[in-house]
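The values are calculated or read from the model by the stated rules, or taken from the named source; none is laboratory data. Note that the structure is a prediction, hence the values are computed from the model and not measured. Cβ: placed from backbone, ideal geometry, glycine included. Neighbour counts: every protein chain shown. Accessible surface areas use protein heavy atoms only, side chains included; no ligands, DNA or RNA. Shrake-Rupley method; radii C 1.70, N 1.55, O 1.52, S 1.80 Å.
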Amino acid sequence: MAAPELGPTIAPRRRDDVHTISLVVNNKPGVLVRVALVFARRGYNIESLVVSPTVDGDFSRMTITCSGDPATLEQIIKQLHKLIDVVQATDHTRDDAYETEIALVKLRAELHERTEILQIAEHFGAKVTDYGQDSIMLRVFGASEKLDAFIALLRPYGMRELVRSGKILMVRGLQET
C-alpha cells in the first residue's frame, strides 16, 4: 500500500539563508520608506523589521531580518550606505551577537486542554499574560528558532492570534552593533 499524499512540504530554512542587518539612521520621517525601497527594488523580502531610537535620540537603529542571495544582499548594503540618512549598515549574520525576539500567542483553550498548554508554556519559559474563560494568551521570548518550535507545538490547540516582535540583536563585547 502506498503512503498517502500529504501535499507539498516546505523545506526547513537553512540558517545560512537568514541575514540580520543592523542600520543606524537619522531619526527623521521618511527614512524607513527609503530603506524599504532599497530592498524592494532588488526583490528582497524583509521578514522582520524593528526600529527604535538609540541612546541619544538623534538616531534610530533598524534591525532587519531577511533571506536570500548573499551577493544581492551585499549590493543592498552598498546601496544603503549611499542613502544620506544611513550612518551605518552592517550584516551581523556571522557576528558573535545576542539575538532575541518576543511573541504573544492567543489560543482558544478548552478546559480539558489547559494543562497540556500550560505544560508546553512552562517548558519554553512562556508566561501567561491573559487567562480568559475560553482563551489564554502567552508571552515567550528567546531565539527565533525557539519561538518557531513553541508556535508549532501550540498550533493544534486552536491558535487565534500571533504577534511577533521581530529579531533584535546586539554584538557582544565593546564592539558597536
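Tabulated data for the structure shown
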| item | result |
| --- | --- |
| Nearby lysines by direct alpha-carbon distance to LYS28 (threshold 18 angstrom, same-chain neighbours under 8 apart not counted) | LYS82 |
| Reachable lysines from LYS127, criterion Cα separation under 29 angstrom, eight or more residues apart if same chain | LYS106, LYS146, LYS167 |
| Simple spin-label estimate for ALA36 and VAL50 in nanometres, 7 Å along Cα-Cβ | 1.9 |
| Angle between the chain longest axis and helix 114-124 axis [Cα atoms, degrees, rounded to 10] | 40 |
| 1.4 Å probe accessible area per residue over the chain, in Å² | 63 |
| Estimated [θ] at 222 nm from DSSP helical runs (n ≥ 4, -39500 (n - 2.57)) normalised by residues in the chain, nearest 500 | -8000 deg cm²/dmol |
| Calculated P(r) of the stretch 45-115 - Cα pairs past 16 Å, % | 65 |
| Spatial separation of Cα centroids for the stretch 135-177 and the stretch 19-60, in angstrom | 21 |
| Accessible carbon and sulfur surface of the chain relative to its total accessible area, %, 1.4 Å | 55 |
| Leading residue at positive end of dipole, the chain (Cβ point charges), from LEU118, VAL18, VAL51 | VAL51 |
| Estimated distance in nm for a label pair at LYS28 and ASP148, the labels positioned 7 Å out from Cα along Cα-to-Cβ | 3.9 |
| Rg/Rh ratio calculated on Cα atoms of the chain (Kirkwood radius) | 1.05 |
| Summed residue charge, Cβ within 13 Å of ARG34's Cβ, Lys/Arg positive, Asp/Glu negative | +2 |
